[in-house]
Structure formats: C-alpha cells, structure tokens
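Notes follow once the structure below has been shown.
The values are calculated or read from the model by the stated rules, or taken from the named source; none is laboratory data. Only a predicted model underlies this, so the values are computations on that prediction, with no experimental measurement involved. Quick reminder, even Gly has a Cβ in these numbers, built from the backbone with ideal geometry, and neighbours come from all protein chains shown. For the accessible areas, the whole protein counts, side chains as well, though only heavy atoms, and no ligand, DNA or RNA atoms are used. Shrake-Rupley method; radii C 1.70, N 1.55, O 1.52, S 1.80 Å.
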Amino acid sequence: MLREQNSINIAVLVSGNGTNLQALIDAESNGKLGNGKIVYVISSKAEAFALKRAGKAGIKYEIIERKEYSDIEDFNNALLSALQRCGAELVVLAGFMSILGEKIIKQYENKIINVHPSLIPSFCGKGYYGLRVHEEVLKKGVKVTGATVHFVNEIPDDGDIILQKAVKVLDNDTSLSLQKRVMKQAEWRILPEAVEKICQRMADKKEIK
Ligand code: GRF
C-alpha cells in the first residue's frame, strides 16, 4: 500500500522504435524501477513501433502527431493537456523527436529527463540526434563514446547531467553497429537507473510533505 501511495507516475514520450521505452517497461516488471510507475505513453508519430510495445505491456497511450499541428504552440498545448490528464509527475523523453516548448518545460521544471546517445557535452545540441550522432563520432575518430541521461531545459541537450556510461568505439564500427552497442551497453541501462533514482528522490520528498 505504501508503495502505491509513494509511486511516481511516469509518462514516456516516444517517436520511433521504442527500445528505451522497452528497457523501462522491462525494468518496471523486474521491480527495478523503484517507485516509478509508467502510466502513459505519448507518441508524436502514429507509426511508431513504440506504441505496439506500450499496447503489449497494457500501458495506455495516445498519439499527438506533430504534423497534425501547423503551430508548435498548439502541439505543445496538446502535449501539456495530455500530461496533466494522465497525472504525469515525471516525463521521460525516450527517442522523442520533437522539441518541447517553454511552457511544458516550466510546468515540469526538473521533472523532464532525456536520454542522448553520446557523452554530453560532445556530439550534442541542435541537429545531433539518432544515427547522425554516431556518424559524427566515427568521423571525428574518438575512441570512446557512450550515452547520457540529463534533465531537459529550453536548450537542446543542455540540462544537468544525471548519469553517463562510456562505450568503446571499435576499429570496424559502422554508425549502425556503434548505435546498437551504445543502446545495449549504455542507454538501456542508465535510463532505467536514472528513472529509479529520480523517482526515489521524488517519493522521499512526497513522504516528507
Ligand atoms: C536512441 O538512440 C536515443 O538515444 C535517441 O533516439 C533513439 C531512440 O531509440 N534519443 P528508441 O526509440 O528508444 O529505440
């Protein structure tokens, strides 16, 4: 009962395959998400495979397609009302490919986290997402890359860093093999770990109130 009282409602925002969402779903079912409870998934793309993962796990989901909204403001207002409607206390961006507006970031200050496929501050910021990050890593010839989980503020990939994990770059790596290894060895581990940590902190704060 206590756990229920202290559970932290998580909304996960997705746009694609949803392997990071899957890592969170698996962590929760293995009791590794602590107080965290995934209550809602929102996708900015109707065809996102992440929605199938949510459906299979019995998690309610909604499609709020970026392309349906001519104005980014209206898109963000639709996101905000969905987040409030589902009672989200923590928002996790897991491969979410749209920019969140000032209003949502203010409303959920220090309660939005994102997973980025590099060791911030390297290979991040405007235009650095998905495969492009790994292409740049290979182009630069760095020997170590990895992933970062960080708080979201109004500047892309600029919020306080929560967790990072390094991954070796191999001589025969392609951007695809590197992306896969960074996901497997870093993203899918540190995202659930970071969510568990933040939810514990939030639950402790709730308890004190
Ligand atoms: C991941 O590489 C993540 O770091 C980045 O977008 C990709 C999404 O993958 N933000 P998935 O949808 O979680 O499989």
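Points to keep in mind about this one:
- P(r) histogram, all alpha-carbon pairs of region 10-73 included - 5 Å bins from 0, percent: 4, 19, 28, 23, 12, 8, 4, 2, 0
- Of the GluC sites (Glu not before Pro) in region 127-194, the ones in a loop by DSSP (not H, G, I, E or B) with at most 13 other beta carbons within 10 Å are E154.
- Expressed as a fraction of 2.2 N^0.38 Å, the C-alpha radius of gyration for the chain is 0.99.
- Dividing the convex hull volume of the alpha carbon atoms of region 148-209 by its residue count gives 89 Å³ per residue.
- For the chain, the fraction of 1.4 Å probe accessible surface lying on carbon and sulfur atoms is 52 percent.
- Residue among L131, L83, L100 with the largest mean-square fluctuation in a Gaussian network model of the chain, springs linking Cα atoms under 10 Å: L131
- Inter-site label distance for F49 and D160 at 7 Å from Cα along Cβ, in nm: 3.6 nm
- Alpha carbon centroid spacing (whole Å) that separates region 84-162 from region 4-81: 16 Å
- Using equal-weight Cα scatterers in the Debye expression, the normalised intensity of region 31-115 in log10 at q = 0.11, 0.23 Å⁻¹ is -0.29, -1.33.
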